[in-house]
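The values are calculated or read from the model by the stated rules, or taken from the named source; none is laboratory data. From a predicted model like this one, the values you see are computed outputs, not experimental measurements. Virtual Cβ from ideal backbone geometry, glycine too; neighbours counted across all protein chains shown. When the accessible area is computed, the model is the full protein with side chains, heavy atoms only, and any ligands, DNA or RNA have been set aside. Shrake-Rupley method; radii C 1.70, N 1.55, O 1.52, S 1.80 Å.
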Amino acid sequence: MKDGRWVTIAESQFAHEKQGLEIVKQLLPDAPPFRAWSNFEFRDNRGRWHEVDLLVLARDTLYLIELKHYRGILTGNDRIWMRDGHRAEDSPLLLARRKAQYFASLLKDTLRAKTGQVPHGAVPFVQELVFLHHPEFVCDLPASSRINLYGLDGQSTISGLPGISERLLAPAQRSPVSEEGSLLLAELMKAIGLVPRRQREVGSWVIDEHPLADGEGWQDWPAFHHVDAERHARIRFYTLG
């Protein structure tokens, strides 16, 4: 896929993330209706900020993709992921699912504000995925917990996951997105006002990475001290309205 259909909102600061993005960029065809947007933030209708690694428009679906460069064996379940040498974490797929829901609502509201209506099928279905792209990654989750998790192409016998192209290049199962629909989506993305991913500061703390959790009217974010980076905190933001 060439840069005309692949829009980089911000360059990644991390080599491993650049590698993962490049893998997807190389496999996507430079043809209608495919498009992609990488490394951006959006603000949902309740004022919460969300980071997105990659958004891909495929034949009939808009995929919101979290990239994870995890090495080693992953265990756990639908809600909790565990890796040797790391603390247990909430499943990134759960966070991605909420982002996908918020983003779908934002797209529809933006279209409604633009045209006064949201025709059926005008906004493609937004599906969350997690792309685990380390070559030495092994998924040992139960089969039911691997749904919407994808690994490197040609590595399924090692990773235990289907290759990412199996999903992104799959034949349409819903009504295919036309090039006209693809162009409309590109206009909506501009209207939303995507911003580059960035670090924020609160007093002496630097807000980092992705939200740890969120709920009705609040979000929890990880942070580190701007002088002593070994000091970590969990900061809660409340949204008004």
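Observations, loosely collected:
- When +1 charges are put on Lys and Arg Cβ atoms and -1 charges on Asp and Glu Cβ atoms, the dipole computed for region 40-160 relative to its Cα centre reaches about 480 debye.
- Charge sum, other residues only, whose C-beta stays under 11 Å from TRP218's C-beta, Lys/Arg counted +1 and Asp/Glu -1: 0
- Cβ-based charge dipole, the chain, positive-most Cα from GLN19, TRP49, PRO29: TRP49
- This model, with +1 at the C-beta of Lys and Arg and -1 at the C-beta of Asp and Glu, gives region 143-194 a dipole about its Cα centre of some 220 debye.
- Distance between region 157-171 and region 20-44 - C-alpha centres, whole angstrom: 16
- Remark on the chain: Rg and Dmax equal 18.1, 53 Å (Cα only).
- Ordered by 1.4 Å accessible area with all protein chains kept, MET82, MET1 run largest first as MET82, MET1.
- Net dipole in debye of the chain [+1 Lys, Arg Cβ; -1 Asp, Glu Cβ; about Cα centre; nearest 20]: 540
- With protein chains left intact and a 1.4 Å probe, residues in the chain average 52 Å² of accessible area per residue.
- All-pairs Cα distance distribution in region 53-155, expressed in whole percent, bin size 10 Å: 14, 41, 27, 13, 5, 0
- For the chain, the relative contact order is 19 percent, taking Cα pairs closer than 8 Å that sit 6 or more residues apart in sequence and dividing their mean separation by the residue count.
- Carbon/sulfur fraction of accessible area - the chain, other protein chains in place, 1.4 Å, %: 50
- Given charges at Cβ of Lys, Arg, Asp, Glu: the chain dipole, positive-most of ASN148, LEU62, ILE158: LEU62
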